[in-house]
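The values are calculated or read from the model by the stated rules, or taken from the named source; none is laboratory data. On a predicted model such as this, the values are computed, not experimentally measured, just so you know. Heads up, the Cβs are rebuilt from the backbone with ideal geometry, glycines too, and the neighbour counts pull from every protein chain shown.
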Amino acid sequence: MNKILITGGCGFIGSHLSEFIFKKYKKSQILILDKITYAAKKKYISNILSHKRVKFIKDDILNFKNLNNYTKNVDLILHVAAESHVDNSYNLKDNFIMTNVLGTKNVLEAAKQNNVKKIIHVSTDEVYGEIYNASFKENSPFNPSNPYSSSKAAAEMIINGYIHSYNIPVIIVRANNIFGTRQHPEKLIPGCCWTFIKRKKFPIHGNGNQKRSFLFIDDFCSGIEKIIKLGKIHQIYNIGSPFEYRNKDVVKLISEINNLDFKKYSYHVKDRPFNDFRYSINYSKLKKLKWKPKFRLEDKIIEINDWYKKNINIYKKR
């Protein structure tokens, strides 16, 4: 591929994916587009910015005219840009609709007008809603339960319309909760690290028994690579993990590595307006492409916690 465009390439997922793609596609020109919100930082991609084949563009996917120009001669778009924090979505609904829905429509339209050969759209397992037993497959119905997941489901409906109307070459991926360094402390794992490093108490939503499967960022990136190379156009692929944890057990694990008493340094607060009890996805379709996740939370949590110690002043507050 001669040219690859990554939207949201300075955020948590996007920055790791930008570095990964840079290393894997050694002859490709990489365009990294990001408007730099509170959850993104240009410094996250500083290791690759000095290379001639990497270009950073500070702009918003809502600026269609500019986006259309950036998309010229692009072979692959990795559409990662999104508003993603559930708690924020209850208060900033318009931001989520604008970026996640209209922004995705702009990416699709620019790709259509410039005949982009392949688009990978990063969605979420939250479009399925909660499931108490078993796991959702790619053909399971949507049942989003908060403004964030609803906006991501709406974006997929826009994609579906573009596929049927214009045969646009899109592949959708839906991933479990992704963890790693560079994630804003508004999220559970980095929030625990950030709070406990500062020797403060961490709030747990409700009873803390909600279950989540956690996927390490490197496993996510390797899954994307498999899909780029072997995934079929117009298909959906779950990128999942068998490593499931209760929220309160995650908090307990991180309190222990920081040598803190879990009961003294955590407290319960009122739950979200609606908090899905459990997310779980079946990723056998991707496993058939010879992919599987490698890392558990326990394998990487000390490394992640150490990163937040070294970068504690990046984030002013939660």
- Which residues, taken from the range 212-235, are touching a strand residue (DSSP E or B) at 6+ places or on another chain (Cβ under 7 Å) and crowded, with 19+ Cβ neighbours inside 10 Å? R212, S213, F214, L215, F216, I217, F220, G223, I224, I227, G231
- Go through (1) among the small types (G, A, S); (2) at pLDDT 95 or above; (3) within 22 Å of E126 (Cβ to Cβ) and name the single condition S255 misses. (3)
- Note on the structure: Of those in the range 82-123 that are modelled with pLDDT under 95 and not in a helix (DSSP H, G or I), the residue surrounded by the fewest Cβ atoms within 10 Å (Cβ to Cβ) is N91
- State yes or no: is S255 over 30 Å from F22 (Cα atoms) and either part of a helix (DSSP H, G or I) or among the aromatic types (F, W, Y) (or both)? yes
- Out of the residues in the range 130-153 that are among the small types (G, A, S) and surrounded by 20 or more Cβ atoms within 10 Å (Cβ to Cβ), which is farthest from Y279 (Cα to Cα)? S151
- Task: Answer yes or no: is there a residue in the range 33-51 that is in a helix (DSSP H, G or I), β-branched (V, I, T), surrounded by 16 or more Cβ atoms within 10 Å (Cβ to Cβ) and on the phi < 0 side of the Ramachandran plot.
- Result: yes
- Which one of these is more than 18 Å from I131 (Cα to Cα), surrounded by 15 or more Cβ atoms within 10 Å (Cβ to Cβ) and among the polar types (S, T, N, Q): N259, N238, N305, N282? N305
- Message: Can you tell me which of (1) surrounded by 15 or more Cβ atoms within 10 Å (Cβ to Cβ); (2) modelled with pLDDT of 95 or more; (3) among the basic types (K, R) is the one R318 doesn't meet?
- Response: (2)
- Within the range 126-184, the count of residues that are part of a helix (DSSP H, G or I) and not assigned by TED's automatic domain parsing to the domain that holds F96 comes to 0
